[in-house]
Amino acid sequence: MDLRAIAMGLAFAFMWSSAFTSARIIVADASPLFSLALRFLISGLLGVAIARAMGQSWRLTRSQWYATILFGICQNALYLGLNFIAMQTVEAGLAAIIASVMPLLVALASWLLLGERLKPLGVLGLLAGFAGVALIMGSRISAGVDLYGVILCGIGVLALAFATLAVRGATSGGNFMMIVGLQMLVGSAILFVAAPLTETIRIDPSWPLAAAFAYTTLIPGLAATYVWFLLLHRIGPIRAATFHFLNPVFGVAIAAVLLGERLGPQDLLGVAIVTVGILAVQLARQQR
């Protein structure tokens, strides 16, 4: 793994983790699904326009269209849609920790369902990762966390893990920015239908809302997704997924700095265990 790949991985992890904090700010002043649909519409149109300026075509291969539609449904409509709803009551740091379980779920499913061999280090990493999450959830449940919101976050991360397994290798062939833009437009179309059926549309204009919306649209929404596709193409999904071990740390740290969210000793211990577990799993898969 070269220095450029490392820089791309660190940038992706930071941008991806920051999305939970900006989402928490957005849902305080706007209905979650409608604001997310609007964000995807703007990000998607910008992505397609940039892709066309780069000379990319929307004549994708069959596997690329498959990946585009599946990620548009599972990542944008389900994973992010459910997370936006949940973060009306769930803290950004906790949502980031739940979302960081995704590489553990992918490794577990690959091992149990797809016959992928996992070394003892990987098995220990899985046990540590899920134990860390259980430790955090135990402290949060005793503190009265909104279980409905937690369940929504859990369903969302399951949808993302499924999509990750289903499209392995399907994004090869270039046109990365075009794929990014089109899968966001797929998610936008679904959410524009779902929003008026499931929520009361509201927007309470404020400077924090405007800043968070612009940031989420351009940085986690567009830039992070593009960097992720480039990273997948450069070093492959197993090595790229190693950077997910930084997500719980970055997600909790950003939420603490910008939102003032506090973590107890049990939470900090759980974050450390989850981080080590994810790293162990990814290193074991990388060695394979």
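Laboratory data are not the source of any read-out in this text; all were calculated from the coordinates shown. Note that the structure is a prediction, hence the values are computed from the model and not measured. With ideal geometry, Cβ positions are generated from the backbone for all residues, glycine too; neighbour counts draw on all protein chains shown.
Hey, fewest Cβ within 10 Å first, where do R140, R52 land in order? The partial results should precede the final answer.
On the way: R140 21, R52 14.
Least to most surrounded, the residues fall as R52, R140.
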Discussion item. Whole angstrom only: what separates the Cα centroid of the range 63-106 from the Cα centroid of the range 126-151?
Written reply: 17
Worksheet item: Once the dipole of the range 44-140 is set up with Lys and Arg at +1 and Asp and Glu at -1 on Cβ about the Cα centre, which of L70, M87, A131 lies farthest towards its positive end?
Response: L70
Discussion item. Given Cβ point charges of +1 (Lys, Arg) and -1 (Asp, Glu) and nothing else, what value in debye, to the nearest 20, does the dipole of the chain about its Cα centre take?
Written reply: 920
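I want the local charge near P220. Using Cβ-Cβ distances under 15 Å, sum +1 for each Lys or Arg and -1 for each Asp or Glu among the other residues.
Net of charged neighbours comes to +2.
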Item to complete: Scan the chain and note any complete DSSP helix (H) whose C-alpha atoms cover at least 24 Å along its axis and whose Kyte-Doolittle average is 0.5 or more.
Response: 3-29, 32-53, 120-142, 147-166, 176-198, 265-287
Worksheet entry | Compactness of the range 170-264 - radius of gyration and Dmax, Cα, Å | 16.9, 46
Worksheet item: Can you give the calculated 222 nm mean residue ellipticity of the chain, where each DSSP H run of n ≥ 4 adds -39,500 (n - 2.57) and the sum is split over every residue, rounded to the nearest 500 deg cm²/dmol?
Response: -24500 deg cm²/dmol
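Please arrange M87, M137, M184 by how many other C-beta atoms lie within 10 Å of their C-beta, fewest to most. Walk me through the numbers on the way to the answer.
Numbers: M87 24, M137 18, M184 29.
Ordered by Cβ neighbours within 10 Å, fewest first: M137, M87, M184.
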Worksheet item: Kirkwood Rh, the range 61-105, all Cα pairs: how many Å?
Response: 11.8
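By average Cβ neighbour count within 10 Å, what is the ranking of 11-18, 217-224, 256-263 from highest down? Spell out each step's value before the answer.
On the way: 11-18: 22.4, 217-224: 20.6, 256-263: 13.8.
Result, highest mean first: 11-18, 217-224, 256-263.
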Practice prompt. Mind putting a number on the dipole of the range 1-137 about its Cα centre? Charges go on the C-beta only, +1 for Lys and Arg and -1 for Asp and Glu, and I need it in Debye to the nearest 20.
Written response: 400
Worksheet item: With the dipole of the chain worked out from charges on the C-beta (+1 for Lys and Arg, -1 for Asp and Glu) around the Cα centre, which of W207, I254, Q183 lies farthest toward the positive end?
Response: Q183
Fill in: Rg and Dmax [Cα atoms of the range 3-287; Å; Rg one decimal, Dmax integer]
18.0, 54
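Please report V90, V101 as a ranked list, fewest other C-beta atoms within 10 angstrom at the top and most at the bottom. Spell out each step's value before the answer.
Numbers: V90 23, V101 26.
Going from least to most buried by this count: V90, V101.
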